[in-house]
Amino acid sequence: MITFMICLALLAVLFWVGFAVTGALLKACLWLFILLPIGVVLCVLGAVLCCTLILIPVGAKVFMAGIHVILPG
């Protein structure tokens, strides 16, 4: 009976580790394939808008938004 309980505990730990690793991989894929390209496009758009004299404030805001998308927090 004790062996069965130990096996169940090991199985629970393995499932927990698998769940944590899967969540981390999903978050990394989300950042790499969705957030990074959006952030790069926003940064480039902000740099282009900063080249015009009248749109410098808008370009700075768009550039900072791109940085915040790439580096949240």
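A helix-only calculation puts the chain at -28000 deg cm²/dmol for mean residue ellipticity at 222 nm, using -39500 (n - 2.57) for each DSSP H run of at least four residues, averaged over all residues.
Ranked by the mean number of other Cβ atoms within 10 Å per residue, highest first, peptides 27-39, 11-23, 54-66 order as 54-66, 27-39, 11-23. The length gained on full extension between Val44 and Thr22, counted as 0.36 nm times the residue separation minus their Cα-Cα distance, comes to 4.7 nm. Please give the FRET efficiency for Cys29 paired with Met1, using the beta carbon to beta carbon distance and R0 = 35 Å, rounded to the nearest 0.05. So, using R0 = 35 Å, E works out to roughly 0.25. The label point for Lys61 and the one for Leu10, both projected 7 Å from the Cα toward the Cβ, are 6.0 nm apart.
Here are a few candidate values for mean projected area of the Cα convex hull in nm²: (1) 12.2; (2) 5.5; (3) 5.1. Which one was actually calculated from the structure I just gave you? Read-out from the structure maps to (2).
Computed from the coordinates by the stated procedures, all read-outs in this text should not be read as laboratory data. Values in this document were obtained by computation on a predicted structure and should not be read as measured data. Note that each Cβ is placed from the backbone with ideal geometry, even for glycine, and that neighbours are counted across all protein chains shown.
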